[in-house]
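First the structure, in the form of structure tokens, and then the observations on it.
The values are calculated or read from the model by the stated rules, or taken from the named source; none is laboratory data. It should be emphasised that the depicted structure is a prediction, and the values quoted were computed from it without experimental measurement. Heads up, the Cβs are rebuilt from the backbone with ideal geometry, glycines too, and the neighbour counts pull from every protein chain shown. For accessibility, only protein heavy atoms count, side chains too; no ligands or nucleic acids. Shrake-Rupley method; radii C 1.70, N 1.55, O 1.52, S 1.80 Å.
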Amino acid sequence: MDSHHHHHHHLCNKMQECFNAIQNKISDCNSLQDRHGSRYLINGKVVIEHSPGLSGPGKSATVQVYSSTVIDPNTRKGKLSGKACLKKGKSSKKDGTKTTVYKIKLHVEPGFGNPGAFLIENNHKHRFFLQSATLVTPENKVIHFDCGSWVYPIKDTNTSRLFFSNACYLPSKTPACLVELRKEELKSLRGDGTGERKEWDRIYDYDVYDDLGNPEKGPDDVRPVLGGSRSRPYPRRGRTGRPATKNGTINLDTYVPPDERCSPKKLSEFIANAIQATAHFLLPEAKSLSRDSGSFESFGDIRDLYSNNRRQATRGTSVTEKVKKFIPAQLFKDVTHMIEEVDIKFPLPQIIRANQFAWKLDEEFGRQMLAGTNPTRIHCLREFPPRGTLTESYIEQSDIEHNLDGLSFEQAMKQWRIYVLDHHDYLLPFLRKMYSEGVCPCASRTLLFLRNDATLKPLAIELSYPGSSNNVDGMKTMVFLPEKEDIPQALWQLAKAHVAANDSAYHQLISHWLHTHAVVEPFIIATRRQLSVMHPIHRLLDPHFKDTMHINALARIVLINAGGILEKTLFTGKFSMELSSELYKQWRFDEQALPSDLIKRCMALDESENPRGAHMLFQDYPYGLDGLDIWLAIQTWVGDFCDIFYEDDASVKSDTEIQAWWSEIRNVGHGDKRKEKWWCQMTTKADLKRTLTTLVWIASALHASVNFGQYSYVGYPPNRPSRCRKFVPEEGTMEFAEFLKDPDKYFLNMLPDRFEASLGIALMEVLSRHTSEEVYLGQRATSEWIDNEQVKQRFEKFNKSLREIEKQIVERNGDPELMNRRGPAKVPYKLLYPDATKVETPAGITAKGIPNSISI
């Protein structure tokens, strides 16, 4: 059963209350002489949450416990206690959620021992959310069950719900009484691979991405199935067993296993944010309405989309009515409460706060490759000219050698001073197809020089775009250089916009969607199917999976589907997901470990004896520097955790659940990559530690670094347009004449139109917001997440190391020597600032904080 804090509020305070209550209860119990004599009673309390409108389950819910020490010879499971009804609960309300605490008494035989599992049956007509149960044995031992899960009516599920206590055991160390229960529980979670999922099913299974298209709408909305073939490999997603076709309406009510669902509070907050953000063009008051979906007239015109710190508010109802038909009724009710009024202007993005034109500077263009929202693509060039799998670059030595701050070309190469941002060969096969979509697509290579002050100076941009004939050789290629005179300078700005569009699409589809959201989902499914909740590794990983399956399911409905927001805003259009499948062919889990990634991109040197695993080539790479600190902290914590439960390599090899888990990830969840040689064998403790460190890194820090800075940089379209509507004009053409007449206007016409731009900004605003019930790296939703003092001490040590890193980050951001930490736009690099002490988080766009999981 999932101890998933799938739900709700300020659990730490609640836990404190629980503890005080238990202490009082113990003294109550001692004074209670029951007719059976107080020795054979287990006293306890059960905490349940439900919406205020519904009554609690009352007597229609019953509870029993299994002994963890006395076996019942008939069932081969622990002995069962008598049943207790939940009655006379004490209720309290907080933030619109009603919590009821029930006291229970369970009759047990003498010598029953400690309860190991807890059985609850709901005979009510509504589901309820079981937060926790705390039992006190006759010997005054307190046993905690951290449930955090929906309990559905037995009329739907046909079976009672089982929860294990927060004690952990490797499979071979499971108490005999719990062995059968442990196996049965996992078996039921795996299901039998058939049937259509109902809301109350707790079944985890795999499927391919066959639900992105909408063929009923017409041939334009057909999309290839991703996953399951050699030509289109992909990670698996959770299976719903529901038909893939859609009837054209957006239905947010897809199947997600109950323990993976966002809490109702979070879901309504998320949808309220989305409505707020889209208000800008759903509202007649908003001038940027899509009816006049032309280009922006001037930079001032774009600036008008944003507020000047004064709210220009309008009644929320004017927007909510428009979305009513897309949202289930109950959710709609919750959401309308939250939107009293909407602001018709977007908040001002960080990139233009301090200086409206810093984004145009070459230094800022280069800095964003190291400290922006996509800092994971740039690499150091080791041989010239740059080559890809298909082509060799047209940039010549003579184009750049005069611009190396006095170094010769040979010196610059030898000193590892030339860098490349490569978005070239992987795009070539798609360019012509994308062109027909009314977008002007280019593939690009950008060369940069690392100066003595560690800023990056752009040297040359190579753009390839579809020429007239139909083969790859029909590509035209132009090379642009940064020049001082007005006209070449203006052409250079246009070339930079095409590079930004390439980088935007790569960032959204690969760095963000594929490399975090999509690759993690199979790990979640395998964890739920193969690792029992009482497995220590399940306890370790669980917080890092919070809400991810639900967010991914929502993404498949509105974001990555045919005609979805990404297709509408990125230049890759309807080939977006196909492109991500093409790049999954190059994906390697082992290279997602930060040290390996930095070494592969020649941004760091291999230093296996250094605990960091890598030595930075230059310190002023904010993502790399902060990232290695966080990586080391995660690695130390994961290592400490594994050392507590595994004494040697043999104990990893003989852990049947871990072996089944790893085999399923390799052969099923990432089964399209099962033949790859780079997968580790999972035969040593080092294998396990490396795998878990990488997984936690991806779900927490990597996702935070590519997600929460989006509004800061992409929220202003001229800085990072997501598509270009014109090519860079060639001399002697009509386009060139139009460009000469008014270079700024040509640039504005090249940007996405008002509607696409507003849609893109709204998406960035929603994705960059932290929700209020986020749990950050170094935090757990409850102090009772595991019954192990040693683990809790190590976890405290982890939290402390994160707080140290926070101090260091603040120091680095204030260091004038480190030019890339703030840059000309004065945006401090905080995307890897953990915020490990955050308790009551103000939700919103903070451009800092590392949540435990991919939860937006």
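Got at least one residue in region 690-706 being touching a residue at least 24 places away in the same chain (Cβ under 8 Å) and within 30 Å of residue 295 (Cα to Cα)?
Scanning region 690-706, I find at least one residue that is touching a residue at least 24 places away in the same chain (Cβ under 8 Å) and within 30 Å of residue 295 (Cα to Cα), so the answer is yes.
Of the residues 344, 378, 395, which is under 30 Å from residue 271 (Cα atoms) and either crowded, with 21+ Cβ neighbours inside 10 Å or not polar (S, T, N, Q) (or both)?
None of the others qualify; the one that does is 344.
Identify the single condition in (1) within 17 Å of residue 371 (Cβ to Cβ); (2) open to solvent by 30 Å² or more (accessible area, probe 1.4 Å); (3) among the small types (Gly, Ala, Ser) that residue 715 does not satisfy, given that it satisfies every other one.
(2)
Specify the residue that is most open to solvent (accessible area, probe 1.4 Å); the eligible residues are those in region 823-852 that are under 25 Å from the mean Cα position of the chain (by Cα) and among the basic types (Lys, Arg).
Per the criteria, the residue is 830.
Quick one: what pairs do we get from region 395-409, first residue under 15 Å from residue 481 (Cβ atoms), second in a loop (DSSP other than H, G, I, E, B), C-beta under 7 Å, 6+ apart or different chains?
Correct list of pairs: 395/385; 397/384; 399/481.
Given the structure, is residue 742 within 30 Å of residue 532 (Cβ to Cβ) and either open to solvent by 10 Å² or more (accessible area, probe 1.4 Å) or of a type in the set (A, V, I, L, M, F, W, C) (or both)?
No.
List the residue pairs whose Cβ atoms are under 7 Å apart, where the first residue sits in region 478-506 and is under 26 Å from residue 760 (Cβ atoms), the second is among the β-branched types (Val, Ile, Thr) and assigned to a helix (DSSP H, G or I), and the two are 6 or more positions apart or on different chains.
Cβ pairs passing all conditions: 504/714.
Name every residue in region 120-145 that is within 17 Å of residue 259 (Cβ to Cβ) and either without any contact (Cβ under 8 Å) to a residue 60 or more places away in the chain or open to solvent by less than 10 Å² (accessible area, probe 1.4 Å) (or both), in order of residue number.
120, 122, 128, 129, 130, 131, 132, 133, 145
If residue 781 satisfies every condition in (1) touching a strand residue (DSSP E or B) at 6+ places or on another chain (Cβ under 9 Å); (2) farther than 19 Å from residue 711 by Cβ; (3) open to solvent by 30 Å² or more (accessible area, probe 1.4 Å) but one, which is the exception?
Single failed check for residue 781: (3).
Could we say that residue 540 is in contact with a Phe, Trp or Tyr (Cβ under 6 Å, 6 or more places away or on another chain), assigned to a helix (DSSP H, G or I) and not polar (S, T, N, Q) here?
yes
Name the strands (runs of 3 or more DSSP E) wholly inside region 63-111 in which the number of residues that are open to solvent by 70 Å² or more (accessible area, probe 1.4 Å) and under 16 Å from residue 160 (Cα atoms) is 1 or more.
By residue number, 77-80.
Applying the selection to region 155-181, what residues are buried (at least 19 other Cβ atoms within 10 Å of the Cβ) and over 19 Å from residue 135 (Cβ atoms)?
170, 171, 174, listed by residue number.
One line per residue, one yes/no per condition, for (1) farther than 27 Å from residue 532 by Cα; (2) of a type in the set (Phe, Trp, Tyr):
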| position | (1), (2) |
| --- | --- |
| 92 | yes, no |
| 108 | no, no |
| 118 | no, yes |
| 136 | no, no |
| 150 | no, yes |
| 173 | no, no |
| 176 | no, no |
| 186 | no, no |
| 193 | no, no |
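So in region 805-822, with the set limited to residues that are of a type outside the set (D, E, K, R) and under 17 Å from residue 632 (Cα atoms), which one is surrounded by the fewest Cβ atoms within 10 Å (Cβ to Cβ)?
Per the criteria, the residue is 808.
Would you confirm, using the coordinates I've provided, whether residue 199 is of a type in the set (Asp, Glu), free of Cβ contacts under 8 Å to residues at least 60 places away in the same chain and either within 29 Å of residue 62 (Cα to Cα) or out of contact with any helix residue (DSSP H, G or I) (no Cβ under 7 Å at 6 or more places or on another chain) (or both)?
Taking the combined requirement at face value, the residue satisfies it.
Mind listing whichever residues of region 741-779 are polar (S, T, N, Q) and either closer than 15 Å to residue 852 by Cα or under 19 Å from the mean Cα position of the chain (by Cα) (or both)?
768, 771, 772, 779
Please work out if residue 856 is β-branched (Val, Ile, Thr), touching a residue at least 40 places away in the same chain (Cβ under 8 Å) and open to solvent by less than 10 Å² (accessible area, probe 1.4 Å).
Against the criterion (β-branched (Val, Ile, Thr), touching a residue at least 40 places away in the same chain (Cβ under 8 Å) and open to solvent by less than 10 Å² (accessible area, probe 1.4 Å)), residue 856 qualifies.
Can you confirm whether residue 210 is open to solvent by 20 Å² or more (accessible area, probe 1.4 Å), of a type outside the set (A, V, I, L, M, F, W, C) and more than 26 Å from the chain's Cα centre (by Cα)?
no
What are the residue pairs meeting all of these: first residue in region 631-647, first residue closer than 18 Å to residue 701 by Cα, second residue surrounded by fewer than 23 Cβ atoms within 10 Å (Cβ to Cβ) and of a type in the set (Lys, Arg), Cβ atoms under 6 Å, and 6 or more apart or on different chains?
632/612; 638/689; 639/689
I need the helices (runs of 4 or more DSSP H) fully contained in region 737-856, keeping only those with at least 2 residues that are of a type in the set (Asp, Glu).
754-767, 789-813
Only one of 230, 197 is part of a loop (DSSP other than H, G, I, E, B), buried (at least 16 other Cβ atoms within 10 Å of the Cβ) and at pLDDT 90 or above; which?
Only one candidate passes the filter, namely 197.
Counting just the residues of region 240-258 that are out of contact with any Gly (no Cβ under 8 Å at 6 or more places or on another chain) and surrounded by 18 or more Cβ atoms within 10 Å (Cβ to Cβ), which one comes out modelled with the lowest pLDDT?
246
Restricting attention to region 58-84, report how many residues are closer than 18 Å to residue 128 by Cβ and either modelled with pLDDT of 90 or more or under 39 Å from the mean Cα position of the chain (by Cα) (or both).
Number satisfying all stated conditions: 8.
Could you check region 403-421 and list, in sequence order, the residues that are open to solvent by 30 Å² or more (accessible area, probe 1.4 Å), over 25 Å from residue 824 (Cα atoms) and outside any loop (DSSP other than H, G, I, E, B)?
410, 411, 414
Collect the residues in region 760-818 that are modelled with pLDDT of 95 or more, among the aliphatic types (A, V, I, L, M) and touching a Phe, Trp or Tyr at 6+ places or on another chain (Cβ under 7 Å), keeping them in residue-number order.
791, 809
For the subset of region 534-556 comprising residues that are basic (Lys, Arg) and modelled with pLDDT of 95 or more, which member is surrounded by the fewest Cβ atoms within 10 Å (Cβ to Cβ)?
Looking at the filtered set, the residue picked out is 539.
Do any helices (runs of 4 or more DSSP H) lying entirely in region 563-670 carry at least 2 residues that are buried (at least 19 other Cβ atoms within 10 Å of the Cβ), and which ones are they?
565-569, 576-584, 594-600, 622-645, 656-664
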